[in-house]
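For reference, the structure is listed below as structure tokens.
Bear in mind that the values in this text are calculations on the coordinates, not laboratory data. Small disclaimer: the values here were computed from a predicted structure and weren't measured. Here the Cβ positions follow ideal geometry from the backbone for every residue, glycine too, while neighbour counts run over all protein chains shown.
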């Protein structure tokens, strides 16, 4: 049975991101996957990496639990919005606090790149935005996708990482929203 961890990085539980993640989980349950949700907004933790990497902060119980879920996952599915061409602050804090040396990657003395400790895991990133995909790609050069896909997940060994970019959300029709909810249901059924 495949362990699928569904991580929602939107701070508002009434957001479209939650509807998308719920549709994905419903589809995955039809495939008899073991679905484990992580709702970052519901976790109790300090999102500030107060000492950088100079001094290790103890992980709060919610972060220990989240890390154990990620560690046991075969497939990670992330849902979050793009705000100011970046991720929500709370999600960034979650990554800063959990994706640590010794957990997700291990620096190698004298080498520019670390040992990747999350090898064997795959991921799907579902990103919502008000920015049209063509503008994000051609004008902005996909800063959030590059940061998160390459700079976080692949840096730690997660591969392949597939990205679903849903935009524009602002003023989206019900038909548009339903189309993407149906697509998430299908991706969940396929465990992609």
Next item on the list: Determine the relative contact order of the chain: mean sequence separation of Cα pairs under 8 Å and six or more apart, normalised by residue count, in whole percent.
Entry: 29 percent
Margin query: Helix 174-190 against the longest principal axis of the chain: what's the angle in degrees, Cα atoms only, rounded to the nearest 10?
Written below: 50 degrees
Checklist line | Sorted peptide list for 135-143, 27-35, 53-61, criterion being average Cβ within 10 angstrom, highest first | finding: 27-35, 135-143, 53-61
Next item on the list: Over every pair of different alpha-carbon atoms in the chain, take the mean of 1/r and invert it; report that Kirkwood radius in Å.
Entry: 17.2 Å
Note to self: Looking at the chain as a GNM with Cα springs under 10 Å, which of 173, 131, 104 has the largest mean-square fluctuation?
What the structure shows: 173
Next item on the list: Using a Gaussian network model of the chain whose springs link C-alpha atoms within less than 10 Å, name the residue from 168, 132, 112 with the highest mean-square fluctuation.
Entry: 112
Next item on the list: Before rounding to the nearest 500, sum -39500 (n - 2.57) across all DSSP H runs of length at least 4 in the chain and divide by the residue total; then give [θ] at 222 nm in deg cm²/dmol.
Entry: -9000 deg cm²/dmol
Margin query: Order these by the 10 Å Cβ neighbour count, fewest first: 6, 152, 77.
Written below: 152, 6, 77
